[in-house]
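Written below as structure tokens is the structure these notes are about.
The values are calculated or read from the model by the stated rules, or taken from the named source; none is laboratory data. Source: prediction; values computed, not measured. Glycine also receives a Cβ, built like all others from the backbone with ideal geometry; neighbour counts cover every protein chain displayed.
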Amino acid sequence: MRTLLLALALLLTASAAQAGSAIDALPFKNVAQEQRFQHLTGQLRCLVCQNESLADSNADLAKDLRWQVFQQMQAGKTDAQIKQYLVARYSDYVLYDPPLKPSNYVLWFGPFAVLLAGAAGAALYLRRRTRADATPADSGDEDW
């Protein structure tokens, strides 16, 4: 029984350590640089996972992109320059908050258009149904 509990504890410890290792051990100059890195990678989307930020992803591409971000930070580039570099290579999709421009109007306004179309369709359906209920059905029997 003790062996089973020890094995379970080791398994839980190993999985917790693996889950927390999304950020590689990078040689930051100071805490401020590490916080800037965390903030910046939190604003970027993992292109493989799509639902996770670059900071949270364990995908190989995310690790490579984090390394590129780190190298550009070491080269003295600003956050805007780093984002611009990544957008040039991977499009606006790499940003969690893409800019509003004609190429992504569907992304910004598509959900609202679908919602409006659904509401219009439901209103039309209910209007026709109400009119059909209001007109008496012709039964063919006439009052004599």
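Points to keep in mind about this one:
- Matching option when the condition is under 19 Å from the mean Cα position of the chain (by Cα) and either outside any helix (DSSP H, G or I) or among the polar types (S, T, N, Q) (or both), among Q72, Q81, Q38: Q38
A quick yes/no check of all residues on (1) more than 27 Å from L65 (Cα to Cα); (2) surrounded by 10 or more Cβ atoms within 10 Å (Cβ to Cβ); (3) in contact with a Pro (Cβ under 8 Å, 6 or more places away or on another chain):
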position: S91; (1), (2), (3): no, yes, no
position: V94; (1), (2), (3): no, yes, no
position: D97; (1), (2), (3): no, no, no
position: N104; (1), (2), (3): no, yes, yes
position: L107; (1), (2), (3): no, yes, yes
position: F112; (1), (2), (3): yes, no, no
position: A117; (1), (2), (3): yes, yes, no
position: R128; (1), (2), (3): yes, yes, no
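- Residue in region 111-129 that is in a helix (DSSP H, G or I) and among the hydroxyl-bearing types (S, T, Y) present: yes
- Residue check for Y105: assigned to a helix (DSSP H, G or I), within 22 Å of the chain's Cα centre (by Cα), of a type outside the set (A, V, I, L, M, F, W, C) and not assigned by TED's automatic domain parsing to the domain that holds N30: yes
- Selected residue (criterion: nearest to E34 (Cα to Cα)) from residues of region 82-119 that are in contact with a helix residue (DSSP H, G or I) (Cβ under 7 Å, 6 or more places away or on another chain) and free of Cβ contacts under 8 Å to residues at least 12 places away in the same chain: V87
- Inclusion of A62 among residues that are in a helix (DSSP H, G or I) and hydrophobic (A, V, I, L, M, F, W, C) is warranted.
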